[in-house]
1. Using the alpha-carbon centroid of each, what span in Å lies between the stretch 278-321 and the stretch 78-141?
2. Once you wrap a convex hull around the alpha carbon atoms of the chain, what is its projected area averaged over all directions, in nm²?
3. Calculate I(q)/I(0) for the stretch 100-179 by the Debye formula, one identical point scatterer on each C-alpha and no solvent, and give its log10 at q = 0.10, 0.24 Å⁻¹ to two decimals.
4. When the helices in the chain are scored as -39500 (n - 2.57) per DSSP H run of 4 or longer and the sum is shared across all residues, what 222 nm value do you end up with, to the nearest 500 deg cm²/dmol?
5. Distance in nm between label sites at Asp83 and Ala109, each 7 Å beyond Cα in the beta-carbon direction?
6. On average, how much area does the Cα convex hull of the stretch 37-190 cover when viewed from any direction, in nm²?
7. If you build the Cα gyration tensor of the stretch 1-118 and take the root of 5 times each eigenvalue, what three semi-axes come out, in whole angstrom, biggest first?
8. Binned at 5 Å from 0, what are the whole-percent values of the Cα-Cα distance distribution for the stretch 205-377, short to long?
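Bear in mind that the values in this text are calculations on the coordinates, not laboratory data. Every value quoted in this text rests on a predicted model; they were computed, and no experiment measured them. Neighbour counts run over all protein chains shown; Cβ positions are idealised from the backbone, glycine included.
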Amino acid sequence: MSTSATVGTALARAFAGHFGRDPDGVWQAPGRVNLIGEHTDYNDGLVLPFAIDRATTVAVAARADRTVRMASGFPGAEPAGFDLDAFAPEQAAGWSAYPAGVAWELERAGVAVPGFDLFVTSEVPVGAGLSSSAALECAVALALSDLTGAGLGRADLADIGRRAENNVVGAPTGIMDQSASMLGTRDCAVYLDCRDLTSRPVPLGLEDSGLRCLVIDTKVSHAHASGGYADRRASCVRGAQGMGVAALRDLEAADLPRARRALDDVTFRRVRHIVTENERVARTAELLGTHGPLAIGELLDASHRSMRDDFEISCPELNLAVDTARASGAIGARMTGGGFGGSAIALVPADDVDRARSAVLAAFAARGLRAPDIFTVLPAKGARRL
Ligand code: ADP
Ligand code: MG
């Protein structure tokens with residue numbers, strides 16, 4: 001990875017080339033990997049993601065009028081613009097809905113947002129399940145909060161990002177991704193209770209245990225705004241209603257026999273995933289504290305099986321990545337993110353990284369599948385001004 005200073009300088013130059021003036025500042029927010037706790041966030045549950053050492057960077061300059069102009073270095077992302085006074089969320093489309101949504105939600109939260117020029121560049125692969133969307137939202141949210149002197153807290157800014165994604169982009173995602181991007185700290189995961197939004201850093205100790213976190217981006221694209229993600233969310237609402245609780249967070253393992261009798265088979269399995277996943281998150285955080293990361297492999301494996309068989313959000317490519325990594329040195333592996341494609345993670349002893357990488361590439365090639373992108377990530381700090 002290039003250093004942040006280099007990225008910031010190159011971006012400021014790109015901004016000046018595009019807009020003909022210098023930016024007021026440069027802000028950066030990371031993507032994330034979810035260690036464990038999938039689809040639990042919108043069920044008031046527990047998650048344990050970490051911010052990664054790949055970030056989205058924005059250069060921004062305030063304007064004297066109410067015009068917003070946006071450009072991205074991302075291939076295919078056309079420049080876009082709008083007038084803040086004429087903005088309608090239902091008209092927002094394409095990549096600019098993310099930054100526009102953040103500006104709009106900040107205004108709805110009472111922040112006087114001026115017009116601005118924005119140029120964005122990113123090291124977070126787009127659509128890979130590493131939340132390039134939250135990285136973009138959080139970088140813009142922090143930039144506009146700083147520029148306006150609004151001084152919103154990090155949890156509030158995470159929520160602005162979530163609302164932009166829900167209300168303007170139209171993706172019914174929870175609070176996990178933005179929380180990881182805003183609250184991440186070096187070498188730690190973020191243990192977040194999505195009911196009361198309390199959080200604490202949990203040291204991961206990967207380096208001390210000789211482990212690397214390998215990301216396997218299957219290149220199978222997911223689409224959160226429609227389809228499976230929204231369907232799973234609806235199943236969870238149905239399950240909670242059928243069990244007479246406010247959210248699936250309110251159920252525990254002892255309630256599952258009753259859930260099996262009360263619910264149809266599919267809804268029951270969706271519920272079982274959420275209930276057991278919450279318990280795995282709590283147990284993972286506990287084990288990291290007492291025994292370190294070498295002890296959590298089985299929990300990652302169990303999480304993957306639960307997503308594959310009960311929640312049914314995995315896909316053949318993710319299963320192949322997970323199974324192959326496990327068979328070639330990983331101590332635990334699971335798909336990460338919303339599912340239906342995207343990335344898997346594997347905790348691999350440093351000496352086995354090359355072997356695991358080659359094995360996964362060979363397995364994909366043998367089945368005629370597109371080669372995945374495989375790289376290691378480090379738990380990094382959250383959004384900041386450069
Ligand atoms: P993920 O969050 O897993 O990467 P999403 O579908 O949620 O996938 O978000 C990806 C979308 O976010 C892209 O299609 C694009 O609209 C927007 N996006 C992310 N990063 C950038 C960027 N650097 N430039 C322009 N748009 C971006
Ligand atoms: Mg996303």
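1. 33
2. Numbers: hull surface 74.4 nm².
It is 18.6 nm².
3. Per q value, in the given order, log10 I(q)/I(0) is -0.21, -1.19.
4. Numbers: 11 runs with 147 residues, N = 386.
Per the formula, -12000 deg cm²/dmol.
5. The answer from the label model is 2.7 nm.
6. On the way: hull surface 34.7 nm².
Directional mean of the projected Cα hull area for the stretch 37-190 stands at 8.7 nm².
7. Working: eigenvalues 143, 93, 32 Å².
Working from the Cα gyration tensor, I get semi-axes of 27, 22, 13 Å.
8. Each 5 Å bin holds this share of Cα pairs: 1, 9, 16, 18, 17, 15, 12, 7, 4, 1.
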